[in-house]
1. Got at least one residue in segment A:170-186 being modelled with pLDDT under 95, within 21 Å of the chain's Cα centre (by Cα) and more than 16 Å from DNA strand D (Cβ to nearest atom)?
2. Does segment A:117-128 include one or more residues that are assigned by TED's automatic domain parsing to the domain that holds residue A:80, among the basic types (Lys, Arg) and closer than 23 Å to residue B:93 by Cα?
3. Those residues that are more than 6 Å from DNA strand D (Cβ to nearest atom) and within 28 Å of residue B:62 (Cβ to Cβ), I need them from segment B:191-204; list them, please.
4. Would segment A:137-151 turn up any residue that is more than 15 Å from DNA strand D (Cβ to nearest atom), facing chain B (nearest Cβ under 9 Å), surrounded by fewer than 18 Cβ atoms within 10 Å (Cβ to Cβ) and within 29 Å of residue B:81 (Cα to Cα)?
5. For residue B:191, which of the numbered conditions (1) open to solvent by less than 80 Å² (accessible area, probe 1.4 Å); (2) more than 10 Å from DNA strand C (Cβ to nearest atom); (3) away from every other protein chain (no Cβ under 14 Å); (4) out of contact with any helix residue (DSSP H, G or I) (no Cβ under 8 Å at 6 or more places or on another chain) fails to hold?
6. Here are some conditions: (1) surrounded by fewer than 19 Cβ atoms within 10 Å (Cβ to Cβ); (2) touching a residue at least 12 places away in the same chain (Cβ under 8 Å); (3) on the phi < 0 side of the Ramachandran plot; (4) not in a strand (DSSP E or B). Residue A:5 meets all but one. Which one does it not meet?
7. On the given criteria, is residue B:210 over 30 Å from residue A:88 (Cβ atoms), surrounded by 13 or more Cβ atoms within 10 Å (Cβ to Cβ) and among the β-branched types (Val, Ile, Thr)?
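The values are calculated or read from the model by the stated rules, or taken from the named source; none is laboratory data. Quick caveat, the model's predicted, so the values are computed rather than measured. Neighbour counts are summed over all protein chains in view; Cβ atoms, including those assigned to glycine, are modelled from backbone coordinates with ideal geometry. Each accessible area value is taken on the protein alone, full model and side chains, heavy atoms only, with ligands, DNA and RNA left out. Shrake-Rupley method; radii C 1.70, N 1.55, O 1.52, S 1.80 Å.
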Protein chains: 2
Amino acid sequence: MGTTDDLFKKLKSFSEPELQAEILKHAKFLKANKGDILIKEGQYLNFLPIVIDGLLRVYQQNEDREILLYYVGPEQTCMMSLSSAYFDYYSTANGIAMEPSEILVLPAHLIAEWQLKYPSWNKFIINTYKSRYDELLNAFGSVAFKPIHVRVKEYLTEYVKNEGSNKIPISHQTLANELGTTRVVISRILKQMEQKKLVKLYRGYIQLKI
Amino acid sequence: MGTTDDLFKKLKSFSEPELQAEILKHAKFLKANKGDILIKEGQYLNFLPIVIDGLLRVYQQNEDREILLYYVGPEQTCMMSLSSAYFDYYSTANGIAMEPSEILVLPAHLIAEWQLKYPSWNKFIINTYKSRYDELLNAFGSVAFKPIHVRVKEYLTEYVKNEGSNKIPISHQTLANELGTTRVVISRILKQMEQKKLVKLYRGYIQLKI
DNA sequence: TGAGATAAGTATCTTTTGATACACACTATT
DNA sequence: AATAGTGTGTATCAAAAGATACTTATCTCA
């Protein structure tokens, strides 16, 4: 786990010493293995998870299809959990650990209390809502207006922009899930892109050209 | 405008007397006519509008298409404005008055200040984010997974559920805009629904059966 | 090494959605 | 009544997306 200092070096959002003390007092720490399901649709939560290390994937499922809502990385918390915990609503999404993850867990009732006491906590919460809302709005606009081949292109270029490498380690099936469509559709589009020399396809990864 | 008492009878969210006094001290009141455009994409805002009476429609536009994000009714504020004002971001949506509307306008810097001072204000802000997020998530799920004819049906039944009457006063073009598609598609679907005896079509309105 | 799992390629067919164009009806206004 | 604007019906065509089915390649691990 490391020392307290290490923890708040990672969780930079919480700058106030009093808040840090409170977090240490009330938090529990949880380790999740890759593939562990942390939240399910319909579930009520009475705690708030904040990721210290690792990555969670939050997605919705409809019968056979699923679609990515967002990822939760270090220093972030999960919107669905936040709503669920703050408002005593059930979650409308699933959360799964993509990597071995370390998670800080806080009792739900503290969320509202700290909101009034600690400006940095308050900002953290609002920031979470705002950035997730923006992400979702973006995704919504894409789904509503853009044909899939454009969304595929954007997904790939976005990935490359964030990760630096132009090799995207993702299977067609997984990409289909991210975009809410089926594997065959993705394979078809990627093949067309390859013919246009936009990508090169390999087993397990896609190389974006230029 | 009416008296102060009237105002806070409408804005029930703000129960604290101190908060009410602050609102009265800093607020300006704005009247919008039907069709007035209040927010445009790309615009920065330094104020937060809260609707007292009337209805605003917030939507996104892509070239020729547009799509509804949400409506803002009495006692509600506009997410896009909130983000824009709080975080000094530009708006990514448009807002237009659907009816003659009365709007309370607050300077942006007060949002964060009051967040720490007044629990009811804090709750108002969080509530706004949460409910808009849920709405959007819902819309997102629909667009991603459901064929248009289902979304049309849901739009109509939702309307009837909320308004009581089973006569929905909306043109095909407008409905197309709400759902992010084109008029011809809507006309076609409605005609099929009429043949299945699910609706009856009239000029300017749709009657939902059962 | 060989069996099973995962990944990818592809052909065929259907459905959904969109684009375009034109006709006609109703409404409001002059 | 003439006109313009809006609302609706509908036919035709094209494109996008999805469903299904079968094949081939690659990986993993017992």
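1. Within segment A:170-186 (the criterion being modelled with pLDDT under 95, within 21 Å of the chain's Cα centre (by Cα) and more than 16 Å from DNA strand D (Cβ to nearest atom)), the answer is no, since none of the residues qualifies.
2. Going residue by residue through segment A:117-128, those that are assigned by TED's automatic domain parsing to the domain that holds residue A:80 are A:117-128.
Add one more test, that the residue is among the basic types (Lys, Arg), and what stays is A:117, A:123.
Within this subset, residues satisfying the condition of being closer than 23 Å to residue B:93 by Cα are none.
No; the residues of segment A:117-128 include none that is assigned by TED's automatic domain parsing to the domain that holds residue A:80, among the basic types (Lys, Arg) and closer than 23 Å to residue B:93 by Cα.
3. So the first thing to find is which residues in segment B:191-204 are more than 6 Å from DNA strand D (Cβ to nearest atom), and the list is B:192-200, B:202.
The answer is B:192, B:193.
4. Yes, segment A:137-151 contains a residue that is more than 15 Å from DNA strand D (Cβ to nearest atom), facing chain B (nearest Cβ under 9 Å), surrounded by fewer than 18 Cβ atoms within 10 Å (Cβ to Cβ) and within 29 Å of residue B:81 (Cα to Cα).
5. (1)
6. (2)
7. Values: over 30 Å from residue A:88 (Cβ atoms): yes; surrounded by 13 or more Cβ atoms within 10 Å (Cβ to Cβ): no; among the β-branched types (Val, Ile, Thr): yes.
In short, no.
A quick yes/no check of all residues on (1) closer than 22 Å to residue A:62 by Cα; (2) within 12 Å of chain B (Cβ to nearest Cβ); (3) touching a strand residue (DSSP E or B) at 6+ places or on another chain (Cβ under 7 Å):
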| position | (1), (2), (3) |
| --- | --- |
| A:121 | no, yes, no |
| A:169 | no, no, yes |
| A:172 | yes, no, no |
| A:184 | yes, no, no |
